[in-house]
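Since the structure comes first, as structure tokens, the remarks are kept for the end.
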Amino acid sequence: MVDINMDTAVANLEKKGFLDIDVSPELDLFKEIEVLKKEKNAIILAHYYQEADIQDVADYLGDSLGLAQQAAGTKADLILFAGVHFMAETAKILNPQKKVVLPDLKAGCSLADSAPGFLFKAFKEKHPDHIVISYINCSAEVKALSDIICTSSNAEKIVESVPRDQPIIFAPDRNLGAYLIKKTGRDMLLWDGACMVHEIFSLEKITKLKIRHPKAKLIAHPECEEPILRIADFIGSTTGLLKYTQRDDAQEYIVATEAGILHQMELASPQKTFIPAPPNNSCACNDCPHMKLNTLEKLYLCLKYEKPELIMDETLMKAARKPIDRMLEISAQYGL
Ligand code: 13P
Ligand code: SF4
């Protein structure tokens with residue numbers, strides 16, 4: 001029977017972005033989630049920036065490319081995406097017939113928000129001879145205006161797949177774009193967007209930390225600014241960073257990306273020390289406020305009631321799918 005708490009929660013869903021229902025602290029959420037997953041033939045896809053409990057209940061945990069590939073190949077009837085909105089959108093675009101739910105509809109992304117579709121359209125129209133490569137951290141509207149999507153783990157190969165005399169617009173991350181220009185020697189036109197989490201690392205504090213930990217290696221995500229990337233020992237996507245810490249023989253790492261990834265690094269290499277890179281503020285936290293809107297309670301409610309559901313316009317999904325498929329094809333060609 002639907003109780004009053006449920007009716008109110010559904011009525012408030014749009015305003016709040018999630019199902020606000022009390023969950024008994026006595027409930028073993030890990031067990032309940034396992035039961036619900038089987039009952040509904042559901043898959044939980046989660047990004048490394050989710051809180052540790054969510055990572056622990058995920059069927060697949062990965063970077064943006066891995067998550068898109070899993071979404072493209074899943075046989076599940078229900079996809080629960082524990083990540084941010086653009087990631088769930090990508091899963092829905094790849095599975096228009098399936099139900100895609102996410103624990104909190106308001107889990108956005110500062111980088112995706114830095115490129116509103118209508119402004120990006122006007123920008124693109126000013127450069128009709130350019131093709132558009134967009135980082136997956138963008139809205140479905142921007143994807144629909146793009147020729148190829150990329151992620152941090154395939155961006156170099158995607159840029160190199162375009163003929164050298166073909167002018168390119170790269171959007172929306174100016175830091176990843178600048179890094180790719182340096183790596184590939186291609187002179188791309190960059191959209192001026194950035195991620196609030198990766199732009200906040202303090203070069204001064206990291207330099208001091210390196211002096212205090214002379215054997216520690218600095219590993220960084222390419223969304224970081226150039227001065228941080230310049231002094232990094234290794235640059236890669238979240239999966240790239242995790243794999244590097246597993247194969248490399250250093251014992252200490254300063255990690256310049258969102259701190260959620262430390263959970264997997266510590267699980268994979270319990271004997272090693274991982275230090276979150278210090279940000280340029282007083283709170284010393286590298287959490288993405290969007291990613292961290294998701295909690296285990298919200299995830300449980302989302303799986304149980306299959307809400308909030310991501311609903312998207314069919315025409316938009318069709319247009320946004322082409323550049324995602326192109327990315328998946330090129331990635332497969334390179335065995336990525
Ligand atoms: P990757 O996990 O693909 O490296 O992306 C990081 C990120 O910022 C996701 O929002
Ligand atoms: Fe967006 Fe940055 Fe958060 Fe990733 S870490 S979801 S790029 S705001």
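The values are calculated or read from the model by the stated rules, or taken from the named source; none is laboratory data. Predicted model only: the values in this text are computed from it and were never measured. Cβ: placed from backbone, ideal geometry, glycine included. Neighbour counts: every protein chain shown. Heavy atoms of the whole protein, side chains included, go into the accessibility calculation; ligands, DNA and RNA do not. Shrake-Rupley method; radii C 1.70, N 1.55, O 1.52, S 1.80 Å.
Listed values, structure above:
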| read-out | value |
| --- | --- |
| Simple label model, 7 Å out from Cα along Cβ direction - Asp129 to Thr207, nm | 4.2 nm |
| Lys31-Met6 FRET efficiency (beta carbon distance; Förster radius 25 Å; 0.05 resolution) | 0.70 |
| Extension gain from Ala52 to Glu160, taking 0.36 nm per residue of separation minus the Cα-Cα distance | 35.3 nm |
| Relative contact order %, segment 182-269, counting alpha carbon pairs below 8 Å whose residues are six or more apart | 29 percent |
| Lysines with Cα under 25 Å of Lys318, excluding same-chain neighbours fewer than 8 positions away | Lys75, Lys92, Lys98, Lys99, Lys106, Lys121, Lys124, Lys126, Lys143, Lys157, Lys307 |
| Solvent-accessible area per residue for the chain (1.4 angstrom probe, square angstrom) | 45 Å² |
| For segment 121-210, the fraction of alpha-carbon pairs in successive 5 Å shells from zero, as % | 3, 13, 24, 23, 16, 9, 6, 4, 2, 0 |
| Low-density loop positions, trypsin sites (Lys or Arg not before Pro), segment 84-186 - DSSP coil, at most 12 other Cβ in 10 Å | Lys126, Arg164 |
| Per-pair calculated FRET efficiency, R0 = 35 Å: Ala268 and Lys15 via Cβ, rounded to 0.05 | 0.30 |
| Heavy atoms of Ser64 accessible to a 1.4 Å probe, total area in Å² rounded to 10 | 20 Å² |
| Apportionment of accessible area to carbon and sulfur, the chain, percent (1.4 Å) | 52 percent |
| MRE, 222 nm, helices only [DSSP H, n ≥ 4, -39500 (n - 2.57), over the chain, to nearest 500] | -12000 deg cm²/dmol |
| Approximate spin-label separation Glu226-Asp248, in nm, with each point projected 7 Å along Cα-to-Cβ | 2.3 nm |
| Reachable lysines, given that their alpha-carbon falls under 18 Å from the alpha-carbon of Lys217 and they are not under 8 places away in the same chain | Lys205, Lys208, Lys243, Lys272 |
| Relative contact order of segment 217-308, pairs being alpha-carbon contacts under 8 Å that are 6 or more residues apart, as % | 22 percent |
| For segment 201-291, share of DSSP beta bridges that run antiparallel, in % to the nearest 5 | 10 percent |
